[in-house]
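See below for the structure under consideration.
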Amino acid sequence: MRCVPRHLVSIADLERGEIVQILDRGDRYRALADEPIKKLTSLRGRTVINMFFESSTRTRTSFEIAAKRLSAEAINIGGAATSTSKGETLLDTAENLEAMYPDAIVVRHSFGGAAAMLARAARCAVINAGDGQHEHPTQALLDAATIRRAKGGVEGLEVAIVGDIAHSRVARSNILCLAKLGARVRLVAPWTLIPRGIEEIGGEETRARVRIATRLEAGLDGADVVMMLRVQHERFAGEAPRFPNTRELSRTFGLSERSLRFAKADAIVMHPGPINRGVELSPEVADGPRAVILQQVSWGVAIRMAVLERAILGDLPAEGERA
Ligand code: ASP
């Protein structure tokens with residue numbers, strides 16, 4: 001049987017209501033993680049191919065666990081182990097895999113646009129697990145789930161996203177997702193790490209909700225959520241330097257117990273991982289009581305279960321919970 005091609009390439013593809021449906025379904029699956037037996041059968045007999053051409057710890061593992069918890073077959077391929085290293089194009093690789101009738105292909109690639117390209121060509125569902133600097137939609141969804149649980153909702157919150165905004169697909173997906181859910185977003189970084197016009201990526205929806213702060217103190221002032229980003233050195237090749245050195249960036253934009261005081265007293269601290277300890281985040285904050293970083297990882301499995309179900313089985317029913 002042909003699967004329903006319900007791709008997830010960008011958060012921009014989702015209406016607010018669809019995001020809430022995914023978060024609600026994720027809530028249910030998050031609760032399942034505390035049960036001794038975590039397996040459901042909704043994707044029994046289905047096949048999910050995880051195709052990762054960039055390194056990944058959390059995303060790849062959690063997509064695999066998510067597929068298996070729903071009883072799907074999960075196959076992982078990537079990098080040097082695929083024929084792209086023999087000169088095959090990504091599209092040809094994907095077409096060959098599709099000839100084996102998977103129900104969904106989860107793809108991570110360094111080329112921004114890779115997932116969209118596959119989605120245009122594929123008959124099965126394509127899920128973007130990170131495409132270059134473009135988007136990482138499931139990260140934004142699991143971040144929204146984490147915030148919703150920690151803060152009781154997302155609407156009206158002040159969220160500071162701090163660090164290498166320029167190279168961050170996590171930032172772009174979060175801007176779109178948080179704006180759709182009614183939060184206000186501050187992008188906090190030196191000018192050289194903030195792409196011109198980024199406030200406009202979601203049109204009026206983001207223009208009205210995103211502002212820029214080029215000083216940490218101003219950016220964190222009154223923030224409910226502080227989301228720290230890693231400097232994505234792997235994406236700097238061929239670029240003029242954007243800041244004098246990492247130590248200076250860390251001193252001016254890194255989060256320590258001292259700089260966290262600029263945010264609200266009950267602000268939570270998030271990070272998509274991998275953390276560079278002592279650079280964007282001090283170990284005391286990373287391991288401290290305000291950090292919800294490992295909760296984010298747990299939500300990753302639950303949200304990816306919901307995303308896989310939606311991709312393969314179709315729209316999730318509304319469960320009446322608020323964002
Ligand atoms: N894990 C995230 C990503 O794949 C963030 C990072 O690598 O810094 O984009």
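Here are the numbers:
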quantity: By average C-beta atoms within 10 angstrom, highest first, the peptides 273-279, 8-14, 233-239; calculated: 8-14, 273-279, 233-239
quantity: Potential extension, Asp315-Phe111 segment - 0.36 nm per residue separation minus Cα distance; calculated: 70.6 nm
quantity: Angle in degrees between helix 137-151 and the longest Cα principal axis of the chain, rounded to the nearest 10; calculated: 60 degrees
quantity: Antiparallel bridges, percent of DSSP beta bridges restricted to the chain (to nearest 5); calculated: 5 percent
quantity: Largest-first principal axis extents, alpha carbons of the stretch 170-265, Å; calculated: 36, 35, 17
quantity: Rounded to 10°, Cα long-axis angle of helix 58-69 versus longest principal axis of the chain; calculated: 40 degrees
quantity: C-alpha long axis of helix 16-32 to longest principal axis of the chain, angle in °; calculated: 80 degrees
quantity: Value of [θ]222 nm, deg cm²/dmol, for the chain, DSSP H segments ≥ 4, -39500 (n - 2.57) each, nearest 500; calculated: -11000 deg cm²/dmol
quantity: In the stretch 1-63, GluC sites (Glu not before Pro) in a DSSP loop with at most 15 other beta-carbon atoms within 10 Å; calculated: Glu15
quantity: Most fluctuating residue given options Asp34, Asp287, Asp131, as computed from a GNM of the chain linking Cα atoms under 10 Å; calculated: Asp34
quantity: Estimated inter-spin distance, Ser83 and Arg277, nm [label 7 Å along Cα→Cβ]; calculated: 4.4 nm
quantity: Calculated diffusion of the stretch 100-223, Stokes-Einstein form, Kirkwood radius summed over Cα pairs, 10 °C and 1.306 mPa s, µm²/s; calculated: 104 µm²/s
quantity: Unit charges at the beta carbon, dipole of the chain: most positive-side option, Met100, Val48, Ala114; calculated: Val48
quantity: Cα-only Debye scattering, the chain: base-10 log of I(q)/I(0) at q = 0.09, 0.12 Å⁻¹; calculated: -0.44, -0.79
quantity: Between the stretch 269-297 and the stretch 168-190, the alpha-carbon center distance in angstrom; calculated: 18 Å
quantity: Contact order normalised by residue count of the chain, Cα under 8 Å, 6+ apart, percent; calculated: 24 percent
quantity: Dipole magnitude (debye, nearest 20) for the chain, charges at Cβ of Lys, Arg, Asp, Glu; calculated: 300 debye
quantity: Carbon plus sulfur fraction of accessible area for the chain, probe 1.4 Å, in percent; calculated: 50 percent
quantity: Viscosity 1.002 mPa s, 20 °C: Kirkwood-radius Stokes-Einstein D of the stretch 3-130 over Cα pairs, µm²/s; calculated: 139 µm²/s
quantity: Probe 1.4 Å, protein heavy atoms only - accessible area per residue of the chain in square angstrom; calculated: 43 Å²
quantity: Mean Cβ count within 10 Å, highest first, over the residues of peptides 166-177, 204-215, 104-115; calculated: 166-177, 104-115, 204-215
quantity: Projected area averaged over orientations for the stretch 195-315, convex hull of C-alpha atoms, nm²; calculated: 10.1 nm²
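The values are calculated or read from the model by the stated rules, or taken from the named source; none is laboratory data. As the structure is a prediction and not an experimental result, all values here were calculated from the model. As a convention, Cβ positions derive from the backbone with ideal geometry for all residues, glycine included, and neighbour counts pool all protein chains shown. Only protein heavy atoms, including side chains, enter the accessible area calculation; ligands, DNA and RNA are left aside. Shrake-Rupley method; radii C 1.70, N 1.55, O 1.52, S 1.80 Å.
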